[in-house]
Amino acid sequence: MDRAARAFWLRSPGDGEIRAVDLPEPGADDVVVRALFSGVSRGTETLVFRGGVPESQYGTMRAPFQDGDFPAPVKYGYLSVGVVEEGPEPLLGRTVFCLYPHQSRYVVPASAVTPLPDTLPAERAVLAGTVETAVNALWDAAPMIGDRVAVIGAGMIGASVAALLARFPAVRVQLVDANPARAELAEALGVDFALPGEATGGCDLVVHASATEAGLARSLELLDPEGMVLELSWYGDRRVSLPLGEAFHSRRLVVRSSQVGTVSPARASRRTYADRLALSLDLLAGHPAFDALITGESAFEELPQVMPRLASGDLPALCHRVRYETGPESG
């Protein structure tokens, strides 16, 4: 079997390249995966691409199979779908998801891959890590039947949260974004849409995912007394201010963070990382509306030109899908 592969590396902040890679010999408990697709998570990955990871978060922000160190050179990413070419018989030939960077072929422990449900297209499965983040957020938020919820920020994470909330009984969900074009996305996901100034207040819960100071402040304004803002945004090395004067204390409001790096404390004693990912894949399989989150596609070899455009906003995107050659000779 060909042991050659190609990988996308951040050579220096703002400058990426494709490098040749020699794969290690797989062990008895390893698999060799040939990539079909990977996804660029525009928020986190473009922040990494710009060199915006704070030094204090270098350890926390490491991806499971990252090579190199922040700020660069580094091989970073975590949304890969491929076919098992070598490995244990139950996995051989299966299409799997793995938290691996953008690379044409790779070797990982068999325990690091999760087979896709038969009904989940490989093209959609690049969203698994995003939906997993949304699942963890809803475990943290614990919305209840009949709740009034706003999701501020119609990016990958916010839209995924809204899509899952739309399936909760009698929950009023409104997706809020400053870009009026995101109304089309909200319609595809089956939720209401509003611009920030027109959003409906009286919320029991606001999920904030816009990564803006204005969005976080607006989140507090939309809450009913004793309501909660669940903060999903990650600001990297940016400082943000929050209006905690005025009626913040008298209304007994709550701001709580959520992060996918650990299983929510609400489920940690009963669910593993593998359980959470398997649930996310099942949700994706049963919800074709998630296809609306994939807003562009390019070939793997084009990544050095595509990433700067994603980082600058010149190429607007939610999830940008990367396509690999599908033949056994790829790599």
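Read the figures in this text as sums done on the coordinates, not as results from a lab. Computed from a predicted model, the values in this text were never measured in an experiment.
Before moving on, here are some points about what is shown:
- Kyte-Doolittle at least -1.0, axis length at least 30 Å by Cα - qualifying DSSP helices, the chain: none
- Our summary gives the chain a relative contact order of 20 percent, counting only alpha carbon pairs under 8 angstrom and 6 or more residues apart.
- The chain: antiparallel DSSP beta bridges as a percent of all, rounded to 5: 55
- Taking 0.36 nm per residue of separation and subtracting the current Cα-Cα distance, fully stretching the chain between residue 314 and residue 200 would add 37.9 nm.
- Mean ellipticity per residue at 222 nm, deg cm²/dmol - from DSSP H runs of n ≥ 4 across the chain, formula -39500 (n - 2.57): -6500 deg cm²/dmol
- Annotation: amide H-H contacts under 5 Å for residue 297 (H modelled 1.01 Å from N, sequence separation of 5 or more, or interchain): 321.
- Rounded to whole numbers, the Karplus 3J(HN,Hα) couplings from phi for segment 32-40 are 9, 10, 9, 5, 9, 9, 9, x, 9 Hz, using 6.51 cos²θ - 1.76 cosθ + 1.60 with θ = phi - 60°, and x at Gly and Pro.
- Contour minus Cα-Cα distance for residue 252 and residue 240 (0.36 nm per residue): 2.2 nm
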